[in-house]
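Enquirer: The structure is given below, and queries will be raised subsequently.
Any read-out appearing in this document is the output of simple, stated calculations on the displayed coordinates, not a laboratory observation. These numbers come from a predicted model, not from an experiment. Note: ideal-geometry Cβ built from the backbone for every residue, glycine included; neighbour counts use all protein chains shown.
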Amino acid sequence: MTYEGVLTKMQTEFGEPIQYYLVFEDSFLNVNQLLGKPMQINFVGFQCLNCGKKKKIFRQGFCYDCFYSSPAVGDWIMKPELSTAHLGIADRDLAYEEKVQLQPHIVYLALSSEVKVGVTRKTQMPTRWIDQGANQAISIVEVPNRYLAGITEVALKNHYADKTNWRKMLTNAIEPVDLIAERLKVEQLIPTEVQEYFYNQKNDLYEMHYPVIEYPSKVTSLSLDKTPNFQGKLIGIKGQYLLFEGGIVFNIRSSEGYIVKIEI
């Protein structure tokens, strides 16, 4: 069978194990069903996720012009502490920014390569953790806007990583950590403005189990720019990565906006 369309991040469903779906305009594919089977990925072209034009992708699935104009990729996305909608101040589009920034956000600890701190909208739990390939995750605070989450994350960056080591995550070289105990350590580290939101529930630890037949001992990243036609046997899915035999891994998220033809 052949599936063709624009790559966007895989949609996921929390389960035992996590279920993954590639969704195209006219079809979708449950990727879990391909485990242990060969698949071929062929690069066809580009399509910007914002304007829809067949323009080369610059970053995050956007062409150059859209990346520097769309409110969906403002600096506050990657740096929540730069959010200003709570002050009525626009970055690129105040209406959009109010919609996204002025809603409940979670600051969390996740175990994906080592313990890391991060921010997500409450509506994105546990999707955000699955996308990062976290084995476990736990909430620290729930705050009413993105700015408060951002300043909390900044305070905790002095004590925890804020990025995932994708190689360790994909080889599953992760030392176990008691995240419930770890959360208790951070109460005195978070800013005064968010102390009242400290999240001290005891039974909210999420555990994620991924559809992986075998973890590789080392990994090599597949780039469609360098290898436009690839074939391999799928042995696992974790985060937003497809894991193939021989340690080849393909990051779907970093290839958003690429038009592909998948043959199975």
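Enquirer: At 0.36 nm per residue, minus the direct Cα-Cα distance, what do LEU184 and LEU87 gain on full extension? Give it in nm, one decimal, please.
Expert: Values: separation 97, 0.36 × 97 = 34.92 nm, distance 3.13 nm.
Extra length from LEU184 to LEU87 when fully extended: 31.8 nm.
Enquirer: How large is the Rg to Rh ratio of segment 90-149 when both quantities use alpha carbon positions and Rh follows Kirkwood? Write down the numbers at each step before the final one.
Expert: On the way: Rg = 12.5 Å, Rh = 12.0 Å.
The Rg/Rh ratio comes out at 1.04.
Enquirer: Could you tell me the convex hull volume per residue, in Å³, taken over the Cα atoms of segment 12-110? List each step's numbers first, then the result.
Expert: On the way: hull volume 16.7 nm³, N = 99.
Residue-normalised Cα hull volume stands at 169 Å³.
Enquirer: Taking the Cα-to-Cβ direction at TYR68 and at THR227 and moving 7 Å from each Cα, how far apart do the two end points lie in nm?
Expert: Result: 3.3 nm between the two label points.
Enquirer: So for the pair ILE213, SER27, with labels modelled 7 Å out along Cα→Cβ, what separation do we get in nm?
Expert: Taking the two extended label points, one gets 2.2 nm.
Enquirer: Here is a follow-up. What shape does segment 1-50 take by its C-alpha gyration tensor, where a ≥ b ≥ c are the square roots of the eigenvalues and a/c under 1.5 counts as rounded, a/b above b/c as prolate, and the rest as oblate?
Expert: Working: a/c = 2.41, a/b = 1.38, b/c = 1.75.
Oblate, because a/c is 1.5 or more while a/b does not exceed b/c.
Enquirer: In the chain, with Lys and Arg counted as +1 and Asp and Glu as -1 at Cβ, which of these residues, PHE230, LEU22, SER112, has the Cα nearest the positive end of the dipole, that is, farthest along it?
Expert: PHE230
Enquirer: Dimensions of the chain along principal axes (Cα, Å, largest first)?
Expert: Largest to smallest, the principal-axis extents are 55, 42, 27 Å.
Enquirer: Specify the angular offset, from 0 to 90 degrees and rounded to the nearest 10, of the alpha carbon long axis of helix 146-156 from the longest principal axis of the alpha carbons in the chain.
Expert: 90 degrees
Enquirer: Taking the Cα centroid of segment 127-161 and of segment 80-110, what is the distance between the two, rounded to the nearest whole Å?
Expert: Going from one Cα centre to the other spans 15 Å.
Enquirer: Sticking with this structure for a sec: For segment 59-115, what class follows from the C-alpha gyration tensor (a ≥ b ≥ c being the square roots of its eigenvalues): rounded when a/c is under 1.5, otherwise prolate if a/b is larger than b/c, else oblate? Walk me through the numbers on the way to the answer.
Expert: Working: a/c = 2.75, a/b = 1.25, b/c = 2.20.
Because a/c hits 1.5 or more and a/b fails to exceed b/c, segment 59-115 counts as oblate.
Enquirer: Considering the chain as a Gaussian network with a 10 Å cut-off on Cα pairs, which listed residue, LEU189, LEU222, LEU49, attains the greatest mean-square fluctuation?
Expert: Looking only at LEU189, LEU222, LEU49, the largest GNM fluctuation is found for LEU189.
Enquirer: Take GLU196 and GLU16, extend 7 Å from each Cα along the Cα→Cβ direction, and tell me the distance between the two endpoints in nm.
Expert: My value for the distance between the label points is 4.1 nm.
Enquirer: So if R0 is 35 Å, what FRET efficiency would GLN40 and GLN103 give, r being the distance between their Cβ atoms, rounded to the nearest 0.05?
Expert: Values: r = 41 Å, r/R0 = 1.17.
Between GLN40 and GLN103 the formula returns 0.30.
Enquirer: Follow-up question, since we're still on this one. What does DSSP give for segment 73-229 in terms of the percent of beta bridges that are antiparallel, rounded to the nearest 5?
Expert: Details: 17 of 18 bridges.
Around 95 percent antiparallel, to the nearest 5.
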